[in-house]
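Each remark here refers to the structure printed beneath this line.
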Amino acid sequence: MVLEGGAMRGLFTAGIIDVMMEHDVWPDVLVGVSAGAAFGCNMKSRQVGRAIRYNKRFAKDSRYSGWRSLFTTGNYFNAEFAYHTMPTSLDRFDDEAFNNNPMDFYVVCTDVETGEAVYKKLEKSESATYDWIRASASMPLLSKAVELEGRKLLDGGVADSIPLAFSERIGCERNVVILTQPEGYLKAHNPFMPLMRIALRRYPKMIEAMDNRHLMYNKELEYVREAEREGRCLVIRPDEKIPIGHISHNPDEMQRVYDIGRAIGERNLYRISSFYRNS
């Protein structure tokens with residue numbers, strides 16, 4: 001299963017995977033990008049409802065996210081609170097279930113010094129695991145680079161937004177791809193590139209990747225469509241534009257997006273289970 005990002009649009013994906021878990025439908029491998037990693041990890045830990053629960057609970061908590069966190073720590077989503085305090089004490093991430101689940105779980109990050117994708121298989125839940133997920137979901141301008149294993153990392157969607165080709169390279173012959181944009185969507189050039197060039201001036205390869213992201217994304221969309229036509233993948237996407245921005249502090253808005261995902265998941269549950277079963 002391949003989960004693209006989209007910040008708070010990822011709650012749409014969370015709704016779908018919760019329906020799958022409730023009906024005991026599981027992929028062998030999950031590859032998550034950005035929000036797809038941050039919310040998809042709850043599938044490996046088998047925690048139905050966790051993503052929507054903690055996002056609503058901490059939606060207006062300045063310790064979790066907000067401009068105060070950005071100005072004081074350099075991260076809109078507070079690195080310590082959101083990725084360590086919350087999952088270890090306030091809404092516990094089930095480390096044991098994560099470790100015991102045989103599903104392979106990969107996250108995608110972008111190396112800011114090379115502008116290239118980094119794929120990390122996370123096999124054991126520990127402090128560094130949370131930081132790899134944080135790195136995958138760290139949006140440029142709203143996050144500092146996360147330093148892990150000698151690399152400086154940011155949002156995986158910059159280098160590989162829809163990693164279907166990667167999933168196929170590691171041996172997955174039938175993939176369910178969950179997109180967070182409707183059919184017909186094409187990504188436009190980033191209007192914030194002038195700010196990106198200033199903020200990322202020390203990393204020219206990252207600037208280049210950001211500048212070309214829309215071209216990469218649209219090319220990957222065409223690759224997904226081709227794979228769909230050939231029967232190599234099953235694509236699940238929203239019927240229309242998801243009614244939420246990249247950032248939201250509105251619990252009702254979050255619930256609406258999650259419920260849209262659940263409805264799409266229930267509508268496509270038989271298709272998903274049949275697609276995996278027929279493999």
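The values are calculated or read from the model by the stated rules, or taken from the named source; none is laboratory data. What you see is a predicted model; the values in this text were computed from it and never measured. Methodologically, a virtual Cβ is constructed for each residue, glycine included, from the backbone with ideal geometry; neighbour enumeration extends over all protein chains shown. Calculation scope for accessible area: heavy atoms of the full protein, side chains included, ligands and nucleic acids excluded. Shrake-Rupley method; radii C 1.70, N 1.55, O 1.52, S 1.80 Å.
Here's the list of lysines a cross-link from LYS152 could span, going by alpha-carbon distance under 28 Å and ignoring same-chain residues fewer than 8 apart: LYS44, LYS120, LYS121, LYS124, LYS144, LYS187, LYS205, LYS219.
Taking a point 7 Å out from the Cα of TYR185 in the direction of its Cβ, the residues of segment 1-15 whose backbone N falls within less than 11 Å of it are 4-13. Rounded to the nearest 20 debye, the dipole size of the chain about its Cα centre is 600 debye, using +1 on the Cβ of Lys and Arg and -1 on the Cβ of Asp and Glu. Taking every C-alpha pair closer than 8 Å and separated by at least 6 residues, the mean separation divided by the residue count of segment 178-219 gives a relative contact order of 48 percent. Maximal additional length on extending the ILE247-ASP61 stretch stands at 65.6 nm, based on 0.36 nm per residue less the C-alpha distance. Kirkwood hydrodynamic radius of segment 158-279, from the reciprocal of the average inverse Cα-Cα distance over all distinct pairs: 16.6 Å. Using a probe of 1.4 Å on the protein chains alone, the accessible area found for CYS172 is around 20 Å².
Rounded to the nearest 0.05, what FRET efficiency do PHE71 and ARG256 have when you use their Cβ-Cβ distance and R0 = 41 Å? Once rounded, the FRET efficiency stands at 0.90. With a Förster radius of 22 Å applied to the beta-carbon distance between GLU266 and LEU90, the computed FRET efficiency rounds to 0.15.
For the chain, the Kirkwood hydrodynamic radius from C-alpha pairs, put into Stokes-Einstein at 37 °C and a viscosity of 0.692 mPa s, yields a diffusion coefficient of 176 µm² per second. Per-atom-type breakdown for the chain gives carbon and sulfur 49% of the accessible area (1.4 Å probe, protein chains only). Looking at the chain, the accessible area is 45 square angstrom per residue; that uses a 1.4 Å probe and ignores ligands, DNA and RNA. Taken over segment 1-51, the convex hull of the Cα atoms encloses 57 Å³ per residue.
About its Cα centre, segment 81-133 has a charge dipole of approximately 80 debye under the convention of +1 per Lys or Arg Cβ and -1 per Asp or Glu Cβ, with nothing else charged.
In segment 132-162, whose amide N lies under 15 Å from the spot 7 Å out along Cα-to-Cβ of THR114? List them in ranges. Hits in segment 132-162 for THR114 at 15 Å: 148-154, 156, 159-160. Amide H contacts under 5 Å for VAL177: VAL2, LEU234, VAL235, ILE236, restricted to partners 5 or more places along the chain or on a different chain, H placed in the peptide plane at 1.01 Å from N.
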